[in-house]
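Undergrad: Have a look at the structure that comes next, please.
The values are calculated or read from the model by the stated rules, or taken from the named source; none is laboratory data. In this text the structure is predicted, and so the values were computed from the model without any measurement. A quick note on method: Cβ atoms are made from the backbone with ideal geometry, for glycine too, and the neighbour counts reach across all protein chains shown.
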């Protein structure tokens with residue numbers, strides 16, 4: 001496990017304990033798990049072999065202890081996670097119906113929402129290679145927004161790359177405030193990880209190519225646009241490639257975008273294991289179980305022969321994608 005300043009990626013945000021509806025008992029039974037978008041991201045990156053740390057705050061409660069045990073098991077450094085004895089650890093509930101999955105949160109006044117700029121471990125941020133945060137990190141409170149802004153300023157001053165997932169949650173703030181704050185971070189992001197749904201709401205656009213162009217015009221150096229069953233678009237100022245979705249039968253989409261982001265950043269910056277297979281096999285991995293973090297893929301998730309894994313890819317796919325990722329890596333360095 002990495003410790004203190006000995007990490008490649010630092011993720012900043014709110015971790016949560018999850019209760020996910022199972023379908024048993026007429027929908028009255030819930031499976032306890034873990035979530036929080038940036039915690040999901042951190043675990044996904046760690047499972048790809050990156051050295052990852054987390055910055056947040058937990059309550060002095062049983063749920064906080066459970067999250068600390070999770071990060072110990074996953075090899076995520078938690079020395080930057082404070083305990084706030086006057087607050088609680090956030091939780092959320094996931095329910096499912098024909099329209100998809102739905103979330104209900106208990107988070108107002110949570111320990112993470114009380115984070116302040118003075119709580120930030122300056123040395124750890126300056127020693128990292130990548131700082132990751134999300135739209136939720138910005139939105140959970142005014143003090144959290146100030147903390148994220150201060151962390152970004154520290155990272156940029158030290159030459160640390162900034163990774164940003166838009167993760168728009170309109171229950172947390174009005175769309176006008178979200179559009180302004182998220183746009184400011186996209187403009188300085190070295191890697192921007194928006195979803196199609198988020199950008200449709202924020203910009204009124206629908207075409208993925210136009211959405212990529214929008215983020216690049218704002219100033220993002222690399223854009224990895226997530227579009228569910230339509231796959232992803234990876235782009236920088238010099239080119240782009242569409243990544244088709246990996247064939248799978250999804251069980252639960254909770255945390256899918258976070259998993260993509262963690263794996264993408266770990267591999268795009270060369271911070272994980274040395275990869276023998278094409279990069280598309282990593283970012284094409286999908287969740288195959290329930291919950292926000294339990295079903296994240298590892299490098300051993302897909303054991304099929306490489307020839308079978310590549311069978312449905314178009315001619316030149318792996319070569320084009322690999323070349324694009326290499327360009328994106330250089331773009332983030334410029």
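Undergrad: Being farther than 30 Å from residue 22 by Cα and modelled with pLDDT of 95 or more narrows it down to one residue among 271, 218; which is it?
TA: Result: 218 is the single residue among 271, 218 that is farther than 30 Å from residue 22 by Cα and modelled with pLDDT of 95 or more.
Undergrad: Looking at the stretch 1-22 only, could you name the residues that are touching a strand residue (DSSP E or B) at 6+ places or on another chain (Cβ under 7 Å) and at pLDDT below 90?
TA: Passing the criteria: 1, 2, 3, 4.
Undergrad: List, please: which pairs have Cβ atoms under 7 Å, are six or more places apart or on different chains, and start with a residue in the stretch 239-256 that is on the phi < 0 side of the Ramachandran plot and at pLDDT 85 or above and end with one that is in a strand (DSSP E or B) and surrounded by 18 or more Cβ atoms within 10 Å (Cβ to Cβ)?
TA: 240/233; 240/234; 241/234; 242/233; 243/232; 243/234
Undergrad: Next question. Limited to the stretch 111-160, what total is found for residues that are farther than 27 Å from residue 263 by Cβ, surrounded by fewer than 22 Cβ atoms within 10 Å (Cβ to Cβ) and touching a strand residue (DSSP E or B) at 6+ places or on another chain (Cβ under 8 Å)?
TA: 2
Undergrad: May I ask you to verify whether residue 50 is in contact with a helix residue (DSSP H, G or I) (Cβ under 7 Å, 6 or more places away or on another chain), within 25 Å of residue 113 (Cβ to Cβ) and buried (at least 24 other Cβ atoms within 10 Å of the Cβ)?
TA: Criteria not met by residue 50.
Undergrad: If you don't mind, another one. Suppose the filter is in contact with a helix residue (DSSP H, G or I) (Cβ under 8 Å, 6 or more places away or on another chain), loosely packed, with under 15 Cβ neighbours inside 10 Å, modelled with pLDDT of 95 or more and more than 21 Å from residue 116 (Cβ to Cβ); does residue 206 pass it?
TA: Here the answer is yes, as residue 206 does meet what is asked.
Undergrad: Residue 294: at pLDDT 55 or above, surrounded by fewer than 24 Cβ atoms within 10 Å (Cβ to Cβ) and within 30 Å of residue 32 (Cα to Cα), yes or no?
TA: Taking the combined requirement at face value, the residue does not satisfy it.
Undergrad: Just give me the residues in the stretch 88-110 being touching a residue at least 24 places away in the same chain (Cβ under 8 Å) and out of contact with any strand residue (DSSP E or B) (no Cβ under 9 Å at 6 or more places or on another chain), in sequence order.
TA: 100
Undergrad: Would you pick out the residues in the stretch 1-47 that are surrounded by fewer than 24 Cβ atoms within 10 Å (Cβ to Cβ) and either free of Cβ contacts under 8 Å to residues at least 24 places away in the same chain or under 20 Å from residue 114 (Cβ atoms) (or both)?
TA: Those that are surrounded by fewer than 24 Cβ atoms within 10 Å (Cβ to Cβ) and either free of Cβ contacts under 8 Å to residues at least 24 places away in the same chain or under 20 Å from residue 114 (Cβ atoms) (or both): 17, 24, 25, 26, 28, 29, 32.
Undergrad: Let me ask another. Does residue 58 fit the bill of being surrounded by 21 or more Cβ atoms within 10 Å (Cβ to Cβ), at pLDDT 95 or above, touching a helix residue (DSSP H, G or I) at 6+ places or on another chain (Cβ under 9 Å) and within 26 Å of residue 166 (Cβ to Cβ)?
TA: yes
Undergrad: Please state which of the following conditions residue 187 fails to meet, knowing it meets all the rest: (1) touching a strand residue (DSSP E or B) at 6+ places or on another chain (Cβ under 8 Å); (2) part of a helix (DSSP H, G or I); (3) closer than 26 Å to residue 130 by Cβ.
TA: Going through (1) touching a strand residue (DSSP E or B) at 6+ places or on another chain (Cβ under 8 Å); (2) part of a helix (DSSP H, G or I); (3) closer than 26 Å to residue 130 by Cβ one by one, residue 187 breaks only (1).
Undergrad: While we're here: Looking at residue 158 and the list (1) touching a residue at least 40 places away in the same chain (Cβ under 8 Å); (2) closer than 30 Å to residue 127 by Cα; (3) over 17 Å from the mean Cα position of the chain (by Cα), which single condition is not satisfied?
TA: For residue 158, the exception is condition (1).
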